[in-house]
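**Student:** Supplied in structure tokens, the structure appears directly below.
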Amino acid sequence: MEINGETHSGEPRPGQCLRTYLREQGCFGVKKGCDSGDCGACTVHVDGRPVHSCVYPAFRAQGRSVTTIEGLAGDDGLHPVQQSFLDAQGFQCGFCTAGMIMTTAALTPEQREDLPRSLKGNLCRCTGYRAVTDAVRGGPESCAPACPAPGTGRAVGSSLGAPAGPAVVTGTARYTFDIDVPGVLHLKVLRSPHAHARIVAIDASAALAVPGVEAVFTHADVPDVLFSTAQHETESEDPYDTRILDDVVRFIGQRVAAVVASSEAAAEEGCRRLVVTYSLLAAVVDPSSAVTSPPIHGDKSESDGISRASSNVVGELHASIGDVSAGFSAADFVYGATFRTPRVQHASLETHGSVGWLDDDGRLVIRSSTQTPFLTRRLLARLYDLPTDRVRVMAGRVGGGFGGKQEMLTEDLVALAVLRLGRPVRWEYTRTEQFTGATTRHPFVVTATAGARRDGTLTALQLDVLVDTGAYGNHGRSVMFHGCHETLAVYRCANMRTDAMTVYTNTVPAGAFRGYGLGQVTFAVEQVLDEVARGIGMDPVTFRERNVVRPGDDLTAPGEHVDDLGIASYGLDQCLDRIRAAGLTQDDAPDGWLVGEGMAIAMIAAGPPGGHFADATIRTLPDGRYELSVGTAEFGNGSTTVHAQIAADELGTTPDRIVIRQSDTDVVAHDTGAFASTGVVVAGRAVLRAARSLKQSPETGVGRGHFDGTPRSVAFNAQWFRVAIDPDTGELRILRSVHSADAGTVMNPGQLRGQIEGGVAQALGATLSEHVDIDADGRVTTTTFRQYHLPTVADTPFTEVHFADTTDAIGPLGAKSMSESPFNPVSPALGNAIRDATGVRMTELPYTADRIWQALQD
Ligand code: FES
């Protein structure tokens, strides 16, 4: 065959797909997103036609011409489609981008006019497709890298393109597995078929007899150390309830044993040959009965960070402000309902994975798809009793995270194998493992009740919250606290009560996910408040205006007074003004369809409580440029771009003269990690301090900055929809979507717009189509993208994005956080729009057409 114009000879393995074959020839731009032909990240051209190379047998390419992203550019520069993706910044993490470009490059002009059909085979989890369609159609161009913000002469405020853009569009950006590691072994795990069982014995003899199998590791081979897969600066935030390999399995899909072999196929065969004897234990799948069920972690206690292990309670909150009963008595109208949110998956296109080896000094090196390199290093050192400086953790470019990679899911086993065998080892999750063995959003059951007087005064607000953390408590307690806190604290209400509990069940563990609990609680509270506004005859925007917090207010919620949190800038009033203006327009709807509109708001703290540390160093290079070293990882959140802008502005130069090094524990100083929307507000402030320090003492040639993440401000979001619903089918169409955001100083308007569009699109997926199902035994039955229904271009409406004009007193140059928060008001706003259109209050996600139709029949 020809590969990118070069004649190539070789012999694929039996059954090998073209994707893995091309990667073995060094074409790392051909990505793995699903290996089942659903996502398009592996798209290449065969004789000029786009194919999903993961389902295209390699031998069929014999005698044909294959083009990958690496071969698309011509001698005179980028292919026009690559250039348009660069100009329009049609990507965030960029993991889907090579496939998108390859598909687009093969489209006819007619096909480009019908992108919902033409791009249906290419999924993007980050952008919400607006930037992608802009790129395909030649939409808004971003500034060139050195371009200042219009009229200001400054980099901050300009829509600067991502520094990695040229590498992303040419397929040369290097993600976790896009490197050659000579002699690497492959790790695979056998996962539990039982929801709860004790492992009595594991016979590995047949597995070890498989040609190529080098080792089998079981619970007998690992240090008996408890930890949490969740990563926070303060380790005690999460319960210590996990072992690397345990002799008790607590969900279907938990790791039982690891097999390391010279090929993936041999490792998989080794897993199939393991003979495991289990003694079954009683399992609980329904969170509502968890408290009265046999304990899942009965061998642990409060000292392990579990509130009541004997009752399966990880954490709980029972607290009130004022007198809720009196508040309801004083109300003219009271409404309450119970809302349910399902498991949903991060579905980052790059799956979890890591590769490790020993360096020349015998130090452990792990290259991982992680949002937290430093915390991962700290935990690996503790697990294997190594000095921290004997461990190096680095991230390449990360192909999407959304909180899912604030978790250690692969590095511990890879490290074990590397340390035991002294050889390089890799472990890359399959897409199915991503559903069955990674984390999900926490399912919540929230009963919310609110009361108000006819003058619009909110007199009482009460929450009863049940959070299902699954078999392990990673993030379960913090998600509960966070979800309840800001949802209530955004309202001035004298009487509030929260009763919340996070419980274990024998199901796949939940974990951190964009919004960190706020999306689930906001889903309930914002719909209940909508109903209360209706009950007292007040429009929902005015009702919010009467009751939301104002500058100078305390941000206290029941049981939680957070000392380091305050309103350091306030744009919620502007956000509400935008929403009110949106409602003044009209949209065309199909005849006979039901039309309605709805809105919701959300507030989020910029950064987590308990400390979030960032360090930055800037040096002058001999050629006059600057090298900025900052620990935070880049997974499409765009913090790298903003850091370059901040440093350039402060140093009076242009961003193209800032060289950035990041995400490597050997070459940058400590950083808690890229989560909790801290890339701009925490790491960005460290960068600003480093740049100022260098500016003040240029003779030193180096400036250092540190920020501990406190005090913190809050950001605000408001979402509005107008929808049309076909009463005969339940089909829902979004006629208009408007989002207003208060992010303080907008550091990069193009990037922020994209982040909000992506957040709204991700939330629309969770609202309309996505759900990870489990059966009565606790087995995940949604195991492929084809079953999961991620939004495609066709499913994703454009969202108008508006920014409030504010400047924060805490954030760097007045900026606040944003990346997570656009998600949070989307589901309740859509629920309110459906209620307005149909008269039906739907309390369970997702709002699929069949459920809407059924609700209308009921
Ligand atoms: Fe499309 Fe991240 S940019 S998946």
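The values are calculated or read from the model by the stated rules, or taken from the named source; none is laboratory data. On a predicted model such as this, the values are computed, not experimentally measured, just so you know. Cβ sites come from the backbone with ideal geometry, for glycine too, and all protein chains shown count toward neighbours. The accessibility values were calculated without ligands, DNA or RNA, using every heavy atom of the protein model including side chains. Shrake-Rupley method; radii C 1.70, N 1.55, O 1.52, S 1.80 Å.
**Student:** Can you report the number of residues in the stretch 660-670 which are surrounded by fewer than 16 Cβ atoms within 10 Å (Cβ to Cβ) and of a type in the set (A, V, I, L, M, F, W, C)?
**Tutor:** So the count comes out to 1.
Conditions (1) open to solvent by 10 Å² or more (accessible area, probe 1.4 Å); (2) closer than 20 Å to I179 by Cα; (3) in a strand (DSSP E or B), marked per residue:
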{"residue": "E11", "(1), (2), (3)": "yes, no, no"}
{"residue": "F28", "(1), (2), (3)": "yes, yes, no"}
{"residue": "C34", "(1), (2), (3)": "yes, yes, no"}
{"residue": "G37", "(1), (2), (3)": "yes, no, no"}
{"residue": "G40", "(1), (2), (3)": "no, no, no"}
{"residue": "H45", "(1), (2), (3)": "yes, no, yes"}
{"residue": "V51", "(1), (2), (3)": "yes, no, yes"}
{"residue": "R60", "(1), (2), (3)": "yes, no, no"}
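**Student:** Still on this structure, please answer the following. For the stretch 453-511, which positions are in a loop (DSSP other than H, G, I, E, B) and open to solvent by 10 Å² or more (accessible area, probe 1.4 Å)?
**Tutor:** R453, R454, D455, T457, Y472, R492, C493, A494, N495, P509
Rundown of residues vs (1) under 23 Å from V46 (Cβ atoms); (2) among the polar types (S, T, N, Q); (3) assigned to a loop (DSSP other than H, G, I, E, B); (4) within 16 Å of the ligand (Cβ to nearest atom), yes/no style:
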{"site": "Q83", "(1), (2), (3), (4)": "no, yes, no, no"}
{"site": "F91", "(1), (2), (3), (4)": "no, no, yes, yes"}
{"site": "M100", "(1), (2), (3), (4)": "yes, no, no, yes"}
{"site": "T103", "(1), (2), (3), (4)": "yes, yes, no, yes"}
{"site": "L107", "(1), (2), (3), (4)": "yes, no, yes, no"}
{"site": "Q111", "(1), (2), (3), (4)": "yes, yes, no, no"}
{"site": "P116", "(1), (2), (3), (4)": "no, no, no, no"}
{"site": "K120", "(1), (2), (3), (4)": "yes, no, yes, yes"}
{"site": "C126", "(1), (2), (3), (4)": "no, no, yes, yes"}
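**Student:** Could you figure out which of (1) surrounded by fewer than 24 Cβ atoms within 10 Å (Cβ to Cβ); (2) in contact (Cβ under 8 Å) with a residue 40 or more places away in the chain isn't true of L386?
**Tutor:** (2)
**Student:** Output the qualifying pairs, or none if there are none: Cβ atoms under 6 angstrom, residues six or more apart or on different chains, first residue in the stretch 75-92 and touching a residue at least 60 places away in the same chain (Cβ under 8 Å) and open to solvent by 30 Å² or more (accessible area, probe 1.4 Å), second residue part of a loop (DSSP other than H, G, I, E, B) and within 16 Å of the ligand (Cβ to nearest atom).
**Tutor:** Taking only residues 6 or more apart or on different chains, the pairs are Q89/S142; Q89/G161; Q92/C126; Q92/T127; Q92/G636.
**Student:** Next up: State all residues of the stretch 714-747 that are among the β-branched types (V, I, T), closer than 30 Å to I810 by Cβ and not in a strand (DSSP E or B); if no residue qualifies, say none.
**Tutor:** T745, V746
**Student:** Still on this structure, I have one more. Any chance the stretch 329-343 includes a residue that's within 28 Å of K188 (Cα to Cα), modelled with pLDDT of 95 or more and away from the ligand (no atom under 16 Å from the Cβ)?
**Tutor:** Scanning the stretch 329-343, I find at least one residue that is within 28 Å of K188 (Cα to Cα), modelled with pLDDT of 95 or more and away from the ligand (no atom under 16 Å from the Cβ), so the answer is yes.
**Student:** Suppose the filter is within 16 Å of the ligand (Cβ to nearest atom), modelled with pLDDT of 95 or more and among the β-branched types (V, I, T); does T20 pass it?
**Tutor:** no
**Student:** Further question: Scan (1) crowded, with 16+ Cβ neighbours inside 10 Å; (2) in a loop (DSSP other than H, G, I, E, B); (3) not acidic (D, E) for the single condition I366 breaks and write down its number.
**Tutor:** So I366 meets the others, but not (2).
**Student:** Then there is this: What's the number of the condition P749 fails, among (1) open to solvent by 10 Å² or more (accessible area, probe 1.4 Å); (2) touching a helix residue (DSSP H, G or I) at 6+ places or on another chain (Cβ under 6 Å)?
**Tutor:** All conditions pass for P749, except number (2).
**Student:** Mind checking which residues of the stretch 192-205 are open to solvent by 40 Å² or more (accessible area, probe 1.4 Å) and either out of contact with any strand residue (DSSP E or B) (no Cβ under 6 Å at 6 or more places or on another chain) or among the aromatic types (F, W, Y) (or both)?
**Tutor:** Answer for the stretch 192-205, where residues must be open to solvent by 40 Å² or more (accessible area, probe 1.4 Å) and either out of contact with any strand residue (DSSP E or B) (no Cβ under 6 Å at 6 or more places or on another chain) or among the aromatic types (F, W, Y) (or both): P193, S205.
**Student:** So, in the stretch 613-633, how many residues would count as being buried (at least 20 other Cβ atoms within 10 Å of the Cβ) and more than 17 Å from P373 (Cα to Cα)?
**Tutor:** Number satisfying all stated conditions: 4.
**Student:** Right, something else. Taking the stated definitions as given, is T617 within 16 Å of the ligand (Cβ to nearest atom), among the polar types (S, T, N, Q) and closer than 30 Å to T678 by Cβ?
**Tutor:** Here the answer is no, as T617 does not meet what is asked.
**Student:** Give the stretch 293-320 a look and list any residue that's touching an Asp or Glu at 6+ places or on another chain (Cβ under 7 Å) and over 25 Å from L463 (Cβ atoms), or say none.
**Tutor:** Passing the criteria: H297, K300, D304.
**Student:** Could you check the stretch 462-512 and list, in sequence order, the residues that are acidic (D, E) and closer than 23 Å to T781 by Cβ?
**Tutor:** Hit for the stretch 462-512 is D468, nothing else.
The rows are residues; the columns are (1) touching a Lys or Arg at 6+ places or on another chain (Cβ under 8 Å); (2) more than 20 Å from D742 (Cβ to Cβ).
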residue: H561; (1), (2): no, yes
residue: S569; (1), (2): yes, no
residue: A602; (1), (2): no, no
residue: A605; (1), (2): yes, no
residue: F613; (1), (2): no, yes
residue: P622; (1), (2): no, yes
residue: G638; (1), (2): no, no
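**Student:** Let me ask something else about it. Restricted to the stretch 393-422, and to residues that are open to solvent by 20 Å² or more (accessible area, probe 1.4 Å) and charged (D, E, K, R), which residue is modelled with the highest pLDDT?
**Tutor:** R420
**Student:** Go through the stretch 219-275 and count every residue that is open to solvent by less than 50 Å² (accessible area, probe 1.4 Å), of a type in the set (A, V, I, L, M) and farther than 24 Å from L375 by Cα.
**Tutor:** 11
To keep it simple, each residue is scored yes or no on (1) open to solvent by less than 30 Å² (accessible area, probe 1.4 Å); (2) within 20 Å of the chain's Cα centre (by Cα); (3) touching a residue at least 60 places away in the same chain (Cβ under 8 Å).
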position	(1), (2), (3)
A741	yes, yes, yes
L768	no, yes, yes
T796	yes, yes, yes
E800	no, no, yes
M818	yes, yes, yes
G831	yes, no, yes
R835	no, no, yes
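**Student:** Can S65 be described as within 31 Å of the chain's Cα centre (by Cα) and away from the ligand (no atom under 15 Å from the Cβ)?
**Tutor:** Judged against the criteria, S65 is not a match.
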